[in-house]
Amino acid sequence: MRAAVVPTPLDATALLAEVASVANGASIVFVGTVREVNEGRAVSGIEYTAYEAMAARELEAIVTEAVSRFGTSDIVVEHRLGRMGLGEASVVIAVAHPHRAEAYDASRFVIEELKRRVPIWKREEYVDGTRAWVDPTAARAEVGP
Amino acid sequence: MRAAVVPTPLDATALLAEVASVANGASIVFVGTVREVNEGRAVSGIEYTAYEAMAARELEAIVTEAVSRFGTSDIVVEHRLGRMGLGEASVVIAVAHPHRAEAYDASRFVIEELKRRVPIWKREEYVDGTRAWVDPTAARAEVGP
Amino acid sequence: MTITALFFASYADVFGRGRMEMEVPNGSTVGELLRHLHSLDPERRLPPAPLVAVNERYARPDQVLRHGDEVAVIPPVAGG
Amino acid sequence: MTITALFFASYADVFGRGRMEMEVPNGSTVGELLRHLHSLDPERRLPPAPLVAVNERYARPDQVLRHGDEVAVIPPVAGG
């Protein structure tokens, strides 16, 4: 198991290899990427920032919970910070487990908990030159061009 | 969308790249691999055989259903046939979707339907030299060494 | 009329082969073909109601066969 | 006593900075610090009850602060 917040591009293939083991029958890699459209607006990129020390701590706590809850130690998550262009990966979660049901459930658990409580924020940049902090709990606040 | 039954090693990274698109925010790759233990027996390898024409047809039907049901055409599945050693991949399913919930559901749908109705069979080889056809619906029938 | 029966995996072991050209009465159904196959399997290694596909599609026991059909008798699938 | 307040993302825009050393009365709680921060935000851009972490752990409003604590005021998270 491993969790990290990193400034560099993510490598889904490397994380898949990291969790692979002949004890496992199922591996799942989740990759979150920057979409060209969000809520109807044309996006040109996203900048991710974090309370880095706490984000690393919370990510590790989530992975530790998943390890205990789903019965595999083969869970790795990396979240990237900084500016990302369209299609670039902001988060990769790799899980391997003897059985597929638990692998899916563990993968889903990690991404849902990450989105619920890891202190990371994103500011979307739009093709019209504006940008805005994304608030999943409400309508967005606009910030200047 | 694409479905195939192939005799050659699978490449999860290539399938992930195949479904990637700036329209999608979530990509999921499922990899099924040969485990060293199944139901308490030490496995040395698995040979997969199929009713190949029908297996290809059923896999395509499943992907077509998933495309219509989950609203993304970015679904690719490949199942390998022949003998595989421990840790080798027998199936890879790559799905990408604008949203993660549908990506997980589509991935899960494809593997569950595959296991339910695609005419592929596996004969496990054990370290004690015996082998047996795997029957998920019942106890196994033993076949000679 | 003639049909081609296909046997896979453990069922190929039952019949000692994977393929059998068979003469069956015109208008035979899948169920009638299965009864005939059971008569060739005195050890009852074939289950009472195995899955059957006709021309690569799953078929019910009442489906009527036609000359030249490819009828596959399908063991419990185990892909993935 | 002195605590360090941290503001992230849109909350850094509210206060025009990401970090503030603040003098607060001994025994102050998280809730009391928030009331003080609200008094510095006449435009009410900070919501009434934002998430707060003390020394990198989420904290309740009744948690008592100690000298040297790092108190982060946390906007709705949006990772992933």
Hey, for a label at residue B:83 modelled as a point 7 Å past Cα toward Cβ, could you say which residues of the stretch B:103-131 have their backbone N under 15 Å away?
B:123-131
Please express the shape of the protein assembly as shown as an equivalent ellipsoid: the semi-axes are the square roots of 5 times the eigenvalues of the C-alpha gyration tensor, given largest first in whole angstrom.
57, 23, 16
Simple Cβ-charge dipole of the stretch B:1-130, Lys/Arg +1 and Asp/Glu -1, about Cα centre, in debye nearest 20
160
Place the label 7 angstrom along Cα→C-beta at residue A:4 and in each other copy, then list the distances from the first to the rest in nm, shortest first.
3.3
How far is residue C:13 from the same spot in each other copy, in nm, shortest first, if each label point sits 7 Å from Cα toward Cβ?
6.8
What's the longest bit of chain C with no exposed trypsin sites (Lys or Arg not before Pro), using DSSP loop states and at most 13 other Cβ atoms within 10 Å as the test?
C:18-43
Per residue, the convex hull enclosing the alpha carbons of chain B has a volume in Å³ of 105
Most mobile of B:129, B:87, B:40 per a Gaussian network model of chain B (Cα springs, under 10 Å)?
B:40
In a solvent-free Debye calculation with one equal scatterer on each Cα, what is log10 I(q)/I(0) for the stretch B:1-77 at q = 0.19, 0.21 Å⁻¹, listed in the order of the q values?
-0.96, -1.07
In chain B, helical segments from DSSP H whose Cα atoms cover 18 Å or more along their own axis and that average at least 0.0 on the Kyte-Doolittle scale are B:52-70
Normalised by the number of residues in chain B, what is the relative contact order in percent for Cα pairs under 8 Å and 6+ residues apart?
33
Using the scaling law 2.2 N^0.38 Å as the reference, what is the normalised Cα Rg of chain C?
1.01
Give me a comma-separated list of calculated 3J(HN,Hα) values for the stretch D:52-64, in order, Karplus coefficients 6.51, -1.76, 1.60 applied at θ = phi - 60°, integers in Hz, x for any Gly or Pro.
10, 10, 10, 6, 6, 10, 4, 10, 8, x, 8, 5, 7
Between the stretch B:23-86 and the stretch A:18-47, the Cα center-to-center distance that results, in Å:
20
Taking the axis that carries chain C onto chain D, what is the nearest Cβ in chain C, and at how many Å, to the whole number?
C:80, 14
Can you list the residues, at least 5 places off or on another chain, whose amide H is less than 5 Å from the amide H of residue A:83, using H built in the peptide plane?
A:48
How about chain D: which GluC sites (Glu not before Pro) there lie in a loop by DSSP and see at most 13 other Cβ atoms within 10 Å?
D:43
Based on Cβ point charges of +1 for Lys and Arg and -1 for Asp and Glu, what charge dipole magnitude is obtained for the stretch C:3-72 about its Cα centre, in debye rounded to the nearest 20?
120
For helix D:30-39, report the angle its Cα long axis makes with the longest principal axis of the Cα atoms of chain D; keep it between 0 and 90° and round to the nearest 10°.
60
Restricting to DSSP loop positions (anything but H, G, I, E, B) with no more than 13 other Cβ atoms inside 10 Å of their own Cβ, which GluC sites (Glu not before Pro) remain in the stretch B:1-86?
B:39
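No lab work stands behind these numbers, since they all come straight from the coordinates. Here the structure is a predicted model, which means the values were calculated and not measured. Methodologically, a virtual Cβ is constructed for each residue, glycine included, from the backbone with ideal geometry; neighbour enumeration extends over all protein chains shown.
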